[in-house]
Amino acid sequence: MDTRSIVVFSGAGVSAESGLRTFRDSDGLWEQYRIEEVATPEAWEHDPARVLHFYDLRREQVLSARPNAAHEAISRLQKHYNLHVVTQNIDDLHERAGSGQVLHLHGEILKARSTADPTLITHINGPSLRLGDRCPLGSQLRPHIVWFGEEVPLIPIAAALIARADKLLIVGSSLQVYPAAGLIHYASPSCEVVLVDPNEVGISRAGVRHIKRTASEGVPLLAAQWLKEANA
Ligand code: NAD
């Protein structure tokens with residue numbers, strides 16, 4: 001077993017071929033919704049039913065989606081490397097493909113949390129979360145999602161993982177959503193950094209290898225190389 005470590009930093013593009021659309025594909029909209037109307041604390045204040053409805057639709061899509069070849073290739077790497085996935089995605093496709101160590105920077109669509117105590121997190125049973133669904137303290141449950149304008153509490157843990165990584169794979173992220181996008185700068189100078197994205201992505205680090213293919217084409221190719229290297 002090679003104990004070298006890999007961090008996969010994934011964004012919406014890794015799930016695109018599973019049928020979950022990215023921001024960029026939809027002109028900065030998320031499935032026809034303006035983000036500030038559904039993914040901010042102000043939106044929740046103003047119209048919680050609309051916010052819940054938006055996330056119910058996202059949850060339904062996630063429940064009917066399946067992991068693709070990229071999620072599966074990533075999980076194969078854990079046989080030979082200490083693998084951590086740091087994802088901006090709120091879907092559970094990395095886990096369903098078998099990856100064991102997944103950090104969801106922006107939360108998880110299949111979970112809800114208390115509006116009174118953010119540490120009270122629960123699985124959502126069924127496709128929808130409704131006004132009147134309450135935590136054990138009696139407060140309304142909200143989606144377990146980090147909204148725009150909110151703290152991203154897992155950033156320090158993710159930064160520490162990336163700082164220790166021997167290899168960093170960035171896949172399907174436009175690197176435009178901060179603070180998550182800034183995490184790649186924690187990679188050490190000796191870290192091998194590979195980007196898989198069919199489009200140009202602005203990345204200021206020198207020496208990054210860009211595999212200009214979709215996730216389901218590019219990630220299995222890279223994983224095969226890294227597995228061969230581990231077995232050599
Ligand atoms: P983004 O939409 O800003 O960028 C997506 C990137 O994926 C782009 O660089 C695009 O070129 C690339 N891409 C498109 N199709 C691809 C493919 N088939 N294979 C590989 N790459 C592909 O996404 P982001 O950087 O993740 O930031 C958007 C935010 O939206 C995140 O915070 C995330 O939480 C949220 N989001 C999540 C989901 C999900 O959970 N599946 C879906 C949409 C948006």
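Among the residues of segment 53-69, those that are open to solvent by less than 20 Å² (accessible area, probe 1.4 Å) and either touching a helix residue (DSSP H, G or I) at 6+ places or on another chain (Cβ under 9 Å) or without any contact (Cβ under 8 Å) to a residue 40 or more places away in the chain (or both) comprise Phe54, Tyr55, Val62, Ala65, Asn68. Which one of these is of a type outside the set (Ser, Thr, Tyr), in the same structural domain as Leu161 (by TED's automatic domain parsing), open to solvent by 20 Å² or more (accessible area, probe 1.4 Å) and without any contact (Cβ under 8 Å) to a residue 12 or more places away in the chain: Glu95, Glu72, Glu45? None of the other options fit; the residue is Glu95.
Conditions (1) farther than 21 Å from His46 by Cβ; (2) basic (Lys, Arg); (3) touching a residue at least 24 places away in the same chain (Cβ under 8 Å), marked per residue:
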| position | (1), (2), (3) |
| --- | --- |
| Asn89 | yes, no, yes |
| His104 | yes, no, yes |
| Ser114 | no, no, yes |
| His123 | yes, no, no |
| Pro127 | yes, no, yes |
| Asp133 | no, no, no |
| Leu137 | yes, no, no |
| Gln140 | no, no, yes |
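Where strands (runs of 3 or more DSSP E) fall wholly inside segment 137-232, the ranges with 1 or more residues that are more than 17 Å from the chain's Cα centre (by Cα) and more than 17 Å from Tyr81 (Cα to Cα) are 141-145, 209-211. Scanning segment 175-216 for residues that are in contact (Cβ under 8 Å) with a residue 24 or more places away in the chain and of a type in the set (D, E, K, R) yields a total of 2. Applying the set (1) open to solvent by less than 10 Å² (accessible area, probe 1.4 Å); (2) assigned by TED's automatic domain parsing to the domain that holds Leu183; (3) over 17 Å from the mean Cα position of the chain (by Cα) to Val85 leaves exactly one unmet item: (3). Yes or no: Gly98 away from the ligand (no atom under 12 Å from the Cβ) and in contact with a Ser or Thr (Cβ under 6 Å, 6 or more places away or on another chain)? It is true that Gly98 is away from the ligand (no atom under 12 Å from the Cβ) and in contact with a Ser or Thr (Cβ under 6 Å, 6 or more places away or on another chain).
Being at pLDDT below 95 and either more than 10 Å from the ligand (Cβ to nearest atom) or hydroxyl-bearing (Ser, Thr, Tyr) (or both) narrows it down to one residue among Ala206, Ala158; which is it? So that I can check it myself, show each step before the final result.
Working: Ala158 fails: at pLDDT below 95.
Step by step, each of Ala206, Ala158 is checked, and only Ala206 is at pLDDT below 95 and either more than 10 Å from the ligand (Cβ to nearest atom) or hydroxyl-bearing (Ser, Thr, Tyr) (or both).
Among the residues of segment 178-232, those identified as open to solvent by 80 Å² or more (accessible area, probe 1.4 Å) and among the hydrophobic types (A, V, I, L, M, F, W, C) are Ala206, Leu221, Ala232. So how many residues does segment 58-81 have that are closer than 23 Å to Ile145 by Cβ, part of a helix (DSSP H, G or I) and away from the ligand (no atom under 12 Å from the Cβ)? Qualifying residue count, segment 58-81: 4.
The values are calculated or read from the model by the stated rules, or taken from the named source; none is laboratory data. Keep in mind it's a predicted model, so treat the numbers as computed, not measured. No Cβ is skipped: glycine too gets one built from the backbone with ideal geometry, and neighbour counts run over all protein chains shown. Remember, those area values only see protein heavy atoms, side chains included, never the ligands or the DNA or RNA. Shrake-Rupley method; radii C 1.70, N 1.55, O 1.52, S 1.80 Å.
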